[in-house]
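Read through the structure below, which is laid out as structure tokens, and then see the notes.
Where a number appears in this text, it was derived from the coordinates with a stated rule and is not lab data. Everything numeric in this text was worked out from a predicted model, so none of it was measured. No Cβ is skipped: glycine too gets one built from the backbone with ideal geometry, and neighbour counts run over all protein chains shown.
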Amino acid sequence: MAERATHRDRLRALEFEAFVAGAGGRLLHTATLLTGEPSHPPGAYPRAERLLYEALARTYADWDRLHGGDPYDRARRELALRFAREARRHQRPRGGLLDRLTPVERLVLVLRMYEEVGEEQTAALLGLPADRVRAVTARAVATLRAGGRRPGAAPTAPHGTAGPRPAPDSRATP
Amino acid sequence: MLDGPHPALPPDLAARAVRRGGRRLRQRRAVQRTAGWLLAVVLAVFLVWVGVEQPWATEPAQVTPPLEGW
């Protein structure tokens with residue numbers, strides 16, 4: 001009994017390591033896009049690594065429940081939900097490609113444009129209405145096209161150090 | 001624009017994830033095992049109690065009600 005269990009554990013670990021070897025790079029890229037960290041010097045994206053590590057650990061724990069489902073989908077879902085849960089901690093710009101966007105804009109944009117998840121599926125995954133997903137995507141694209149200045153009054157702190165307020169308090173809106 | 005070279009994966013990431021995920025898996029199994037064992041014990045105790053006590057049987061009346069008004 002115990003012997004069979006360890007055999008299954010070993011098999012699962014092998015399958016999982018093959019999966020990470022194949023898909024890990026792409027998932028890590030997704031994670032750096034989400035956290036807004038730069039992706040080129042190795043070691044410049046500790047938050048993305050931690051996010052991916054936690055998502056992968058959970059994927060491994062749920063491996064036997066996949067029942068033929070796609071482990072990549074599972075890992076991506078885990079990554080997105082984990083990021084959504086801790087989105088407030090990822091507001092500060094960190095020099096990455098999308099760090100001008102708010103965390104939610106980044107999440108929706110990455111799922112829709114980079115991962116090419118459908119609008120309905122993105123909405124279902126994040127628990128948002130589909131038209132909200134469409135609106136957030138459009139806003140994110142517009143922000144990126146506009147070259148960085150975010151239009152409208154976004155609820156987060158203004159990005160960049162060149163802003164008029166040196167220490168913005170994002171919560172206080174009298 | 002979003003595409004680009006993938007960042008370098010830390011070499012031990014998969015092994016660390018296996019360790020942590022495995023820990024979670026073992027915890028989950030232990031909780032399930034304990035819950036199942038507890039359920040079995042509760043069921044056994046209940047069956048023994050039912051067998052001894054037989055709560056469906058009514059006790060025979062020991063006191064006759066007073067006879068009045070005839």
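What the table shows:
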item	result
From A:Gly95, A:Gly36, residue being closer than 23 Å to A:Ala142 by Cβ and within 13 Å of chain B (Cβ to nearest Cβ)	A:Gly36
Residue check for A:Gly36: of a type in the set (Gly, Ala, Ser) and crowded, with 23+ Cβ neighbours inside 10 Å	yes
Residues of the range A:125-136 that turn out to be within 16 Å of the chain's Cα centre (by Cα) and either touching a residue at least 24 places away in the same chain (Cβ under 8 Å) or part of a helix (DSSP H, G or I) (or both), as a count	4
Single match in A:Arg74, A:Arg12, A:Arg47 (criterion: out of contact with any His (no Cβ under 9 Å at 6 or more places or on another chain), within 21 Å of A:Tyr114 (Cα to Cα) and surrounded by 15 or more Cβ atoms within 10 Å (Cβ to Cβ))	A:Arg74
Any pair with Cβ under 9 angstrom, 6 or more apart, that starts in the range A:44-68 at a residue that is more than 10 Å from every other protein chain (Cβ to nearest Cβ) and ends at one that is assigned to a helix (DSSP H, G or I) and exposed (fewer than 13 other Cβ atoms within 10 Å of the Cβ)	A:Arg47/A:Arg89
When residues of the range A:73-85 are limited to those that are in contact (Cβ under 8 Å) with a residue 24 or more places away in the chain and more than 14 Å from chain B (Cβ to nearest Cβ), the one nearest to A:Leu28 (Cα to Cα)	A:Arg76
Count - residues of the range B:10-61 that are assigned to a helix (DSSP H, G or I), surrounded by 11 or more Cβ atoms within 10 Å (Cβ to Cβ) and within 14 Å of another protein chain (Cβ to nearest Cβ)	17
Qualifying residue in the range A:99-117 (condition: surrounded by fewer than 21 Cβ atoms within 10 Å (Cβ to Cβ), among the aromatic types (Phe, Trp, Tyr) and within 20 Å of A:Leu51 (Cα to Cα))	yes
